[in-house]
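The values are calculated or read from the model by the stated rules, or taken from the named source; none is laboratory data. Source: prediction; values computed, not measured. Please note: Cβ atoms are built from the backbone with ideal geometry, for glycine as well, and neighbour counts cover all protein chains shown. We work out accessible area using only protein heavy atoms, side chains counted, and drop any ligands, DNA or RNA first. Shrake-Rupley method; radii C 1.70, N 1.55, O 1.52, S 1.80 Å.
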Amino acid sequence: MKIAFVGKGGSGKTTLSSLFIRHLVADGAPVIAVDADINQHLGPALGLDEAEAAGLPAMGDRLPLIKEYLRGTNPRVGSAETMIKTTPPGGGSRLLRVCEDNPVYDACARPVELDGGAVRLMVTGPFTDADLGVSCYHSKTGAVELCLNHLVDGPDEYVVVDMTAGSDSFASGMFTRFDVTFLVAEPTRKGVSVYRQYKEYARDFGVELKVVGNKVQGQDDVEFLHAEVGDDLLVTVGHSDWVRAMEKGRPPRFSFLEDTNRTALRLLRTTVDSAYARRDWERYTRQMVHFHLKNAESWGNERTGVDLAAQVDPGFVLGESLTASV
């Protein structure tokens, strides 16, 4: 199951995504966590110190390896150099699974211990001074999109992505790659403005969007969120002494998280698990192709010097029935 956490900067989406990851790991579920935000904070939220977080391998720096592995023997992709972030899999492509070892995970993922369990953490890499004026951050998150396009995941397997803040997620087709998107919103006008943007942009793509109200201090805040987002409001979260201790670098054991917050996290997982019955791999593949053709026409063909539409395998549908190599 693929889950995105989105929201405006400062909404608490990274904190909530890290709590959800901890909750899944505590239940013994296999989890891949991906930090796709321009500000790389997921590692520290999962307990890494600054040096450990800075030492994580950047997916963006390993894009040639990722492309070469995923290309496999797909005859429609002439070379790894002609793959772009939206290149869809086809016959001969290598696919990723959550519970496996492969060269992509070897190069890009690192285990993070969490109260007796562990999560595989992958990061896009920070936007550095060297990128200023010459690079777009979406070229870094392209590695995440390419991996999601080639990922076959099943029930009780989880890929949790901490997305870039605000509506930047719509600069690519990655916003359609998830079973559930949790939008973290504070009970303010600015807090719900990103919700309105997301709701409007995602309207035609079947995105399952649920709002998690954060920093809620009372019933008035709850009523405000209900009035602004309606039935999309799933749950609200207030102050947490556990989170405050975690942000100071001294988190207690996760089992000491407040009961109200544990209840909220259980509801998030129930919501994700219930989405499995509504999966539509044909639509998922169709949307993948849609954004690939759109990118090919707008910039990809010119940049690669080939007709990227030819990379689309018309008979291919991504799905759980496929083996690791197609």
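How many residues does segment 3-42 contain that are out of contact with any Ser or Thr (no Cβ under 9 Å at 6 or more places or on another chain), open to solvent by less than 30 Å² (accessible area, probe 1.4 Å) and within 20 Å of GLY117 (Cα to Cα)?
Final tally of qualifying residues: 13.
Within the set of pairs 6+ apart or on separate chains, which have a first residue in segment 263-292 that is under 21 Å from GLY238 (Cα atoms), a second that is assigned to a helix (DSSP H, G or I), and C-beta atoms under 7 Å apart?
LEU265/LEU19; LEU265/PHE20; LEU265/HIS23; LEU268/PHE20; ARG269/HIS23; ARG269/LEU24
Do we have any residue at all in segment 252-269 that's β-branched (Val, Ile, Thr) and under 28 Å from TYR195 (Cβ atoms)?
Yes, because at least one residue in segment 252-269 is β-branched (Val, Ile, Thr) and under 28 Å from TYR195 (Cβ atoms).
Per-residue answers, yes or no, for (1) under 16 Å from the mean Cα position of the chain (by Cα); (2) open to solvent by less than 30 Å² (accessible area, probe 1.4 Å); (3) within 30 Å of ALA296 (Cα to Cα):
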site	(1), (2), (3)
MET174	yes, yes, yes
LYS190	no, no, no
LYS199	no, no, yes
PHE205	no, no, yes
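Could you please tell me which pairs satisfy a Cβ distance under 6 Å, a separation of 6+ or placement on different chains, a first residue in segment 140-155 that is open to solvent by 10 Å² or more (accessible area, probe 1.4 Å), and a second residue that is part of a helix (DSSP H, G or I) and modelled with pLDDT of 95 or more?
PRO155/TYR276
Only residues that are outside any strand (DSSP E or B), over 15 Å from LEU146 (Cα atoms) and touching a residue at least 40 places away in the same chain (Cβ under 8 Å): list them for segment 117-130, please.
Those that are outside any strand (DSSP E or B), over 15 Å from LEU146 (Cα atoms) and touching a residue at least 40 places away in the same chain (Cβ under 8 Å): GLY125, PRO126, PHE127.
Out of (1) in contact with a Lys or Arg (Cβ under 8 Å, 6 or more places away or on another chain); (2) free of Cβ contacts under 8 Å to residues at least 40 places away in the same chain; (3) closer than 21 Å to ILE21 by Cα; (4) not hydroxyl-bearing (Ser, Thr, Tyr), the odd one out for PRO44 is which?
(1)
State which residue is surrounded by the most Cβ atoms within 10 Å (Cβ to Cβ) when the search covers only segment 91-130 and only residues that are modelled with pLDDT under 95 and of a type in the set (Val, Ile, Thr).
Out of the qualifying residues, it is THR124.
Does ARG266 qualify as being touching a helix residue (DSSP H, G or I) at 6+ places or on another chain (Cβ under 9 Å), open to solvent by 30 Å² or more (accessible area, probe 1.4 Å) and closer than 17 Å to HIS23 by Cβ?
Yes; evaluated as a whole, the condition is true for this residue.
Looking at (1) open to solvent by less than 60 Å² (accessible area, probe 1.4 Å); (2) charged (D, E, K, R); (3) at pLDDT below 95, find the lone condition where ASP313 falls short.
The failed condition is (3).
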